[in-house]
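Following: one structure in C-alpha cells, then a few remarks.
The values are calculated or read from the model by the stated rules, or taken from the named source; none is laboratory data. Since we're looking at a predicted model, the values are computed, not measured. Cβ placement follows ideal geometry from the backbone for every residue including glycine, while neighbour counts extend to all protein chains displayed. Just so you know, the surface numbers come from the protein's heavy atoms only, side chains and all, with ligands and any DNA or RNA stripped out. Shrake-Rupley method; radii C 1.70, N 1.55, O 1.52, S 1.80 Å.
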Amino acid sequence: MADTTAGAVWRPHGTARRSTHTLRLRVSAALMGVTVLAVLLVPPLAQLDQQAVDLAAKLQPPTWAHPFGTDDVGRDLLLRCVYGLRVSLLVGVVAALTATVIGTAVGATAGALGGRTDRAVMRLVDAVASVPHLLLGVFIVAMFRPGVWPVVISVALTHWLSTARIVRAEILSLRSRPCIDAAVSGGASRWRVAVRHLLPGVLPQAGLAAVLMVPHAMWHESALSFLGLGLPTHTASLGTLIQTARGSLLAGDWWPTLFPGLFLVVPTLAVAGLAGVWRERINPRRRSELML
Amino acid sequence: MLELRSVTAGYDRRAPVVREASLTLAPGQALGLLGPSGCGKSTLARVAALLHRPDAGTLLLDGTPVRRWRHRAPREQRTAFGVVFQQPRLAADPRLRLADLIAEPLRATGRRDQIPGRVTELAEATGLTPDLLTRRPHEVSDGQLQRACLARALVLRPRILVCDEMTAMLDASTTAALVAAVERYRRETGAALLAVGHDRTLLDRWCDRTLHWHEVARSRADAPT
C-alpha cells in the first residue's frame, strides 16, 4: 500500500516527460537544420533561375520535375519558396536583432536609472504600444519605396516594446539584490554596475525574446507583402508568393498557396520548439505557453 | 567616526521600517546591534553604509553630514565602508569566479595592479584555498562563499565594517573563523565595526558594546497611528 502511494507520488517526474522534451528538441532542431540548409545550399547548388518564366508549364500540380508545382507564369515553386524563405528569414533575423538591441537599450536604461526616467520611458513605451502595431508598421513602410530595408525598419520599430518591458522588469528585480549593493559599496559606477552585473543577467531573457521574435517578424513581413506594401512583387518572399497565388486558389489550384504557407509555418514551429526548450532551461519555473 | 541622528528609513514613506534611530560608532570601536528579526536592523545597516537613502534624519561621517547615497555618494565615502551581507548566495554575482568576486572592487576603482597581491593575501586571511578561488559561487558552500564575501568587503581596506548578520547562516567553526578574520583586520588597521545580529552571546563576546534595538530606535508599536 505504501509502495503504491510512493510510486504515485514519484512517477509524474519520470522518463515520459523527459522523452517528449528531447523529442521536441530533436524535431525542432532537425526542421531548423533542414530549413537553414535549404536556404543556404539550394540557390548556389541548383544553378536554376527562379525567375525563369515558362508559360507552357503554368499552374502545373506537383510532379517529379516540379515537386511543388509551378505558379501562374510557370516558375518552379520549390525554387521560389526557397528564395522567398531566404528573403523572409533575412528580414526576420535582422528585424528581430534590431528590435532586441533597441528594446534592451531602452529597458536597461529605464530599469537601471529608475525614478523619473523610468516612469517617463515606460509611459512612452505604453503610448507607442497603444497604437496597433500592424497599423504603425503599414504607416512606416508607406513612407519608403518598397524594398527589404523599409520592412526591416518597420518591423524593428514596432517590436522593441515587449523586449524593453521584459528587460526593464528583469533589471528592476536584479537591481534590488544585495550583490548590486555590494558592487555599489565596492565603488562601482552606474555604468559598471549596468554592464558588468545587470546586463549579463538579462541577456538570456533578451536572447530568448529575440529568437521568438524571428518567426513573428517573418509573419509581419508576409502580412505587409500580402497587403502589397512590403516587398515588390518580383522579389520572391513568402508574403508575395501567397499574395500572387491568391487568385489561383479560387480556381482550385491549392499548391501555390499551400507550399509557401508551409514554409512559413515549419520554421515558426521549429523556432518555437527550440526557444521553448531554451526557456525551460534558463527558467524551469516559467512554463507558460510560448508567445508568438 | 560614524554618527546617525534620528534616522527614519524604509521602503514606503507612510510606513517606515526604522523610526528615529540614533547611534554613534567611534573610530576603532566594535558596536553590536541586537534585535529580533524584521525589526529593521538590516535597513539601518544599509543606511549606515550609504546604500539606502533615509526618509529623515542625519548621518555624519567624520563630522560631515552625508547628503548623497548609493551611486551619488562620492566614491571615497562609499568605499570607506566594507559591507558583508547575511545571505552570501544573493550577495555574490553568480557569474564571477571567487577570485574575480574578491578583485571586483579593485577593478571598479581602477587598481588592477593590486589584484594578484591583495587576492592572495585576503584568500589566506579568510581561509580560502587557491582551488576554491577558481570556482563559481554555485560550486562552493555557503560558508566558503561568505569567506569570499568577507574578503571582498576587506579588499579596499575600509575604515568601517558593516556586518549584517554575517554569520547567521553558518556553523560554529566558520563563524569563529570569520570573526577571527574580521578581528585580525581590525587589529591591523584600527577599523570600526558595526555588527548586526540576533545572537546575543556572539555579539557580547565579539563587540566592545552591544545595543538592543529598543535602545537605538523607536519600535513600531510606539508609532502614532
Only one residue in B:A49, B:A73 is crowded, with 21+ Cβ neighbours inside 10 Å, under 15 Å from the mean Cα position of the chain (by Cα), of a type in the set (A, V, I, L, M, F, W, C) and facing another protein chain (nearest Cβ under 9 Å), so which one is that?
B:A49
Given the residues B:R118, B:R112, B:R159, B:R205, which is the only one that is within 25 Å of B:R78 (Cβ to Cβ), surrounded by fewer than 22 Cβ atoms within 10 Å (Cβ to Cβ) and free of Cβ contacts under 8 Å to residues at least 12 places away in the same chain?
B:R112
Write out, first by first residue and then by second, each pair whose Cβ atoms fall under 9 Å of each other, whose residues are 6+ apart or on separate chains, and whose first residue, in segment A:90-104, is under 14 Å from A:V214 (Cα atoms) and part of a helix (DSSP H, G or I) while the second is open to solvent by 10 Å² or more (accessible area, probe 1.4 Å) and aromatic (F, W, Y).
A:G92/A:W219; A:V94/A:W149; A:T98/A:W160; A:A99/A:W160; A:T100/A:W160; A:V101/A:W160
Hey, does segment A:58-77 have a residue that's open to solvent by 60 Å² or more (accessible area, probe 1.4 Å) and part of a helix (DSSP H, G or I)?
no
Could you pull out the residue among B:E139, B:E188, B:E165 that is open to solvent by 10 Å² or more (accessible area, probe 1.4 Å), out of contact with any helix residue (DSSP H, G or I) (no Cβ under 9 Å at 6 or more places or on another chain) and not aromatic (F, W, Y)?
B:E188
Scan of segment B:136-192 for residues that are touching a strand residue (DSSP E or B) at 6+ places or on another chain (Cβ under 7 Å), more than 14 Å from every other protein chain (Cβ to nearest Cβ) and among the aliphatic types (A, V, I, L, M), ordered by number:
B:V182, B:A191, B:A192
Check every one of the helices (runs of 4 or more DSSP H) wholly within segment A:121-189 and list those with 1 or more residues that are over 30 Å from A:T233 (Cβ atoms), within 14 Å of another protein chain (Cβ to nearest Cβ) and without any contact (Cβ under 8 Å) to a residue 60 or more places away in the chain.
A:148-175, A:178-185
For B:R67, work out the one condition from (1) assigned to a loop (DSSP other than H, G, I, E, B); (2) crowded, with 19+ Cβ neighbours inside 10 Å it doesn't fulfil.
(2)
